[in-house]
1. Take the residues in the stretch 242-279 that are touching a strand residue (DSSP E or B) at 6+ places or on another chain (Cβ under 8 Å) and assigned to a helix (DSSP H, G or I), then tell me which one is least open to solvent (accessible area, probe 1.4 Å).
2. Show the residue pairs meeting these rules: Cβ distance below 7 Å; 6+ apart or different chains; first residue within the stretch 247-274 and more than 20 Å from THR369 (Cβ to Cβ) and of a type in the set (Phe, Trp, Tyr); second residue modelled with pLDDT of 95 or more and open to solvent by 60 Å² or more (accessible area, probe 1.4 Å).
3. Listed residues LEU51, LEU97; which is open to solvent by 10 Å² or more (accessible area, probe 1.4 Å), in contact with a Lys or Arg (Cβ under 7 Å, 6 or more places away or on another chain) and part of a helix (DSSP H, G or I)?
4. Out of curiosity, is TYR237 buried (at least 22 other Cβ atoms within 10 Å of the Cβ), outside any loop (DSSP other than H, G, I, E, B) and modelled with pLDDT under 95?
5. Could you check the stretch 153-173 and list, in sequence order, the residues that are open to solvent by 20 Å² or more (accessible area, probe 1.4 Å), of a type outside the set (A, V, I, L, M, F, W, C) and either under 15 Å from PRO203 (Cβ atoms) or modelled with pLDDT under 95 (or both)?
6. Within the set of pairs 6 or more residues apart or between chains, which connect a residue that is closer than 24 Å to ALA365 by Cα and assigned to a loop (DSSP other than H, G, I, E, B) inside the stretch 131-150 to a residue that is among the aromatic types (Phe, Trp, Tyr) and open to solvent by less than 30 Å² (accessible area, probe 1.4 Å) with Cβ atoms less than 9 Å apart?
7. Which one of these does LEU45 not meet: (1) within 25 Å of GLN160 (Cβ to Cβ); (2) open to solvent by 10 Å² or more (accessible area, probe 1.4 Å); (3) in a helix (DSSP H, G or I)?
8. Run HIS210 past the list (1) surrounded by fewer than 18 Cβ atoms within 10 Å (Cβ to Cβ); (2) of a type outside the set (Val, Ile, Thr); (3) over 22 Å from HIS99 (Cβ atoms) and report the number of the one that doesn't hold.
Amino acid sequence: MFAHDTEALEAIRDGVRSLCSHYDAAYWRGVDERKAFPEEFVAALTEAGWLAAMIPEEYGGSGLGLNEASVILEEVNRCGGNSGTVHGQMYNMFTLLRHGSEEQKQHFLPKIAAGELRLQSMGVTEPTTGTDTTKIKTTAVRQGDKYVINGQKVWISRIQHSDLMILLARTTPLDQVQRKSEGMSIFLVDLHAAIGNGLTVQPIANMVNHETNELFFDNLEIPADSLIGEEGKGFRYILDGLNAERTLIAAECIGDGRWFIEKASDYARSREVFGRPIGQNQGVQFPIAQAHIEIEAADLMRWRACHEYDNGLPAGASANMAKYLAAEASWKAANVCLQTHGGFGFASEYDVERKFRETRLYQVAPISTNLILSYVAEHLLELPRSF
């Protein structure tokens, strides 16, 4: 239904699997136990060019589409890794690529493609507004050849391992715009220049080894040419990139789901109780089979979202539904895998509990399943807006 070059995608899968084979379960287990960042893995993925897949060739990338990018992240998770450590590099650059000036693109994209710069962070969410983005309170005030930033952000990931950050701030007060989605602007912030000079970073300890932070802006000054695109149009620019983000997250969930299903199936075939493999019991095999079916169904919606995005078609509905279906399916697969392993599922050496925690995140972020249901109800089913 959605044409793609199967041979080319298989070549990508093989390449990513080959790289991931050097970073086995023990590697990821160790990173998780130390609450560390997988520096070696990220460096290898960058050097191999996988994170520059969607950067056009003229800027040093591979010029591939969302189809191919989604396969890269899927395979990292399917191999037992955590794409959450690298996915920001893929979808954050969309804002720069689609809305930045030619001068900005020429300056930054080749360095991002080469791994000289990392654009891993996006500052949108705030403590008091959550997903009600139009109510953000962080402001950017133009003063001559600079903008002065004040405010606060929360759940901003990978700051410690990024050189640049996409930042959304209000440049026109909410009460002075005709539509609440107007008056917000996007900036590209040099984190090395900002931290300690108006930007304070406070790490947030959490249940997943997911490096995330609270940010405090106190008269942070950034050059006026940090503005991406037109002032006041930032909300629209952000939405453009979110469709890619949600589709890529769906692919990660599919990778997780397939890891869980393979892990559960392997264990169910080999584990014997009462003189027979537990996988012979329908009470064990049926939940695994159901999880497999739901992952395969979510995968179809992933391909639809990729097809629409890569062909310049409206992809919002498909991207949201792909993310919803994949997150639900991976969480169900995680529960099935843990249950199949019984007590051993809680043992760190089996890696199930680590992946269990990692995939649970996608019920909440980057957009909660409830918000997706609200979107579908309002925009596809024309039901009254619920909030």
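The values are calculated or read from the model by the stated rules, or taken from the named source; none is laboratory data. Everything numeric in this text was worked out from a predicted model, so none of it was measured. A quick note on method: Cβ atoms are made from the backbone with ideal geometry, for glycine too, and the neighbour counts reach across all protein chains shown. Protein only, heavy atoms only, side chains kept; ligands, DNA and RNA dropped before computing areas. Shrake-Rupley method; radii C 1.70, N 1.55, O 1.52, S 1.80 Å.
1. Going residue by residue through the stretch 242-279, those that are touching a strand residue (DSSP E or B) at 6+ places or on another chain (Cβ under 8 Å) are 268-271, 278.
Still in the list and also assigned to a helix (DSSP H, G or I): 268-270, 278.
Details: ALA268: 5, ARG269: 157, SER270: 81, ILE278: 22 Å².
Ranking the candidates gives ALA268 first.
2. Listed pairs, sorted by first residue: TRP259/ARG78.
3. Working: LEU51 fails: in contact with a Lys or Arg (Cβ under 7 Å, 6 or more places away or on another chain).
None of the other options fit; the residue is LEU97.
4. Working: buried (at least 22 other Cβ atoms within 10 Å of the Cβ): yes; outside any loop (DSSP other than H, G, I, E, B): yes; modelled with pLDDT under 95: yes.
Spelling it out, TYR237 is indeed buried (at least 22 other Cβ atoms within 10 Å of the Cβ), outside any loop (DSSP other than H, G, I, E, B) and modelled with pLDDT under 95.
5. GLN160, HIS161
6. The qualifying pairs are THR138/PHE217.
7. Against the list (1) within 25 Å of GLN160 (Cβ to Cβ); (2) open to solvent by 10 Å² or more (accessible area, probe 1.4 Å); (3) in a helix (DSSP H, G or I), LEU45 comes up short only on (2).
8. Every listed condition holds for HIS210 apart from (1).
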